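Structure, as structure tokens:
The values are calculated or read from the model by the stated rules, or taken from the named source; none is laboratory data. Being a predicted model, the structure only gives us computed values, none of them experimental. Virtual Cβ from ideal backbone geometry, glycine too; neighbours counted across all protein chains shown.
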């Protein structure tokens, strides 16, 4: 793998606490935010983050589960994918 | 390199709602070192070889699936054609070999193992004959083993003795799996110009000329192509071709990415990416639906062959750019039982066996997963095979037949195979006889197209 960078997408109905909730879980797993883009259109909240993991022994499944869990609590869909997926698909 | 948010959301949507997935990661394993005159030793050898090579296959593909978030639907194994590696065995039948392959497949945790195969386009060796005669019992007594027989090539012509024999073998296989609606036949493919590196079942085998261990990937995504075409506003056929090409590129890139990483982690060579658009019975994941999106009222009506030609070509062009190493079948699949649009088209009366035969001349697979009445004569099955082999031979392409004469059924019945194998509507065949033609035997000679030097 070329890096430990992930793209995290958060999509759902806007409400108080989404950014706070998501970034809390990321901090707990020592995942750093390298870039962040966010739009709120009418009631739809969309956030895309480029996240970075620097330490060894990063437990990806635990992180994905935790993100999925906070997503459910907040009523939003959280998807974590390695950045290669997007680089490969959209660039030659 | 900046990826735009719209692109990110496009990828997410492809996976979440449009059925983008990697259809199969198939490990090709060379068994040539396992040959032994004693069948018990031979079976031990192939079992150990497969277990050693594939012990981490499921674990590694699951890791990749989690990291990338692209579902990897199937893990499979293909082996060197058993007729070749078992040629030296002093035994009357090779059913025990199929049972060994089945056991290895279950231990490794995969769903299908292909390669109970023989290549007989010019003629049969004793080993080839032994294997072919073992097929019905082998497929009836195992669950995961798939078999394929190559009976024709452009360079060799068509072995009509083998074609005649395979008609009977198919009937026998159907009869022995009668209680499962002839399911054995869903695991048997007859080929012309079979590729050495096809990752899809039931025709996968690890060809001669391939390395010791290889990872081949089959992607899929008819759902993604379907959505993309339907989103266009009043397109010309050129616009549709362009759209399919771009979409095929994106789909194929996923396979390239996953395949390379799996190969790296398993210390195997990355073989090929097969760009085929393989449908599933899930709603929206249909190749027929793409043809209908192009403007045909029902798949199988006039214009279907042209539409499929456009689709097949666009998929290849987009896919070729996406991968350094494209191979296998690489085109559109038209398996009737595995495509909900095809099933509907047959039931509606718009799709016939004759039209499917025409379609196979412009796409990659052949007459696939087709159920015909249980009383169809062996010679008719052979003649259907002969027609398909002729299309492949003359056009220098791969064609194949996977046909199921479901015992006790008649036209209009629906035969349930389950899972990815889907549900097949029983289709009519011509009632006029081909018996005398098939009984003549011999070889249809290689066509002039074969003289390419």
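For the reader, a short list of remarks on this structure follows.
- Answer residue from region A:51-60, given it is farther than 14 Å from residue B:3 by Cα and surrounded by 12 or more Cβ atoms within 10 Å (Cβ to Cβ) and is nearest to the other protein chains (Cβ to nearest Cβ) among those: A:60
- Residue A:19 touching a helix residue (DSSP H, G or I) at 6+ places or on another chain (Cβ under 9 Å) and surrounded by 14 or more Cβ atoms within 10 Å (Cβ to Cβ): no
- Residue within region B:91-99 that is in a helix (DSSP H, G or I), in contact with a strand residue (DSSP E or B) (Cβ under 7 Å, 6 or more places away or on another chain) and on the phi < 0 side of the Ramachandran plot present: yes
- Subset of region B:13-54 [surrounded by fewer than 14 Cβ atoms within 10 Å (Cβ to Cβ) and more than 14 Å from every other protein chain (Cβ to nearest Cβ)]: B:32, B:33, B:37, B:38, B:40, B:41, B:48, B:51, B:52
- Some residue of region B:291-306 being part of a helix (DSSP H, G or I) and touching a strand residue (DSSP E or B) at 6+ places or on another chain (Cβ under 8 Å): no
- Qualifying residue in region A:78-92 (condition: buried (at least 20 other Cβ atoms within 10 Å of the Cβ) and free of Cβ contacts under 8 Å to residues at least 24 places away in the same chain): yes
- Boolean, residue B:94 is away from chain A (no Cβ under 14 Å), crowded, with 18+ Cβ neighbours inside 10 Å, more than 25 Å from residue B:420 (Cα to Cα) and touching a helix residue (DSSP H, G or I) at 6+ places or on another chain (Cβ under 9 Å): yes
- Among residues of region B:115-149, those that are touching a helix residue (DSSP H, G or I) at 6+ places or on another chain (Cβ under 9 Å), closer than 18 Å to residue B:193 by Cβ and assigned to a strand (DSSP E or B), counted: 6
- Failed item, numbered, when residue B:302 is tested on (1) under 20 Å from the mean Cα position of the chain (by Cα); (2) surrounded by fewer than 16 Cβ atoms within 10 Å (Cβ to Cβ): (1)
- Selection from region B:66-90 of residues that are in contact (Cβ under 8 Å) with a residue 60 or more places away in the chain, more than 14 Å from chain A (Cβ to nearest Cβ) and not in a strand (DSSP E or B): B:80, B:81, B:84
- Those residues of region A:61-76 which are touching a strand residue (DSSP E or B) at 6+ places or on another chain (Cβ under 9 Å), under 16 Å from residue B:71 (Cβ atoms) and either within 8 Å of chain B (Cβ to nearest Cβ) or buried (at least 18 other Cβ atoms within 10 Å of the Cβ) (or both), in sequence order: A:64
- Residues located in region A:1-42, provided they are touching a residue at least 60 places away in the same chain (Cβ under 8 Å), assigned to a loop (DSSP other than H, G, I, E, B) and within 14 Å of another protein chain (Cβ to nearest Cβ): A:1, A:2, A:3
- Candidates B:63, B:6, B:10 - the one that is outside any loop (DSSP other than H, G, I, E, B), within 13 Å of another protein chain (Cβ to nearest Cβ) and farther than 20 Å from residue A:90 by Cα: B:63
- Boolean, residue B:253 is outside any strand (DSSP E or B), within 14 Å of another protein chain (Cβ to nearest Cβ) and free of Cβ contacts under 8 Å to residues at least 24 places away in the same chain: no
- Hey, residue B:163 in contact with a strand residue (DSSP E or B) (Cβ under 6 Å, 6 or more places away or on another chain) and in a strand (DSSP E or B) or not: no
- Unmet criterion (only one of (1) more than 11 Å from every other protein chain (Cβ to nearest Cβ); (2) over 16 Å from residue B:66 (Cα atoms); (3) in contact with a helix residue (DSSP H, G or I) (Cβ under 6 Å, 6 or more places away or on another chain)) for residue A:48: (1)
- The condition of being part of a helix (DSSP H, G or I), at negative phi and out of contact with any helix residue (DSSP H, G or I) (no Cβ under 7 Å at 6 or more places or on another chain) holds for only one of B:263, B:204, that being B:263.
- Flag if residue B:288 is surrounded by fewer than 24 Cβ atoms within 10 Å (Cβ to Cβ), at pLDDT 90 or above and closer than 21 Å to residue B:352 by Cα: no
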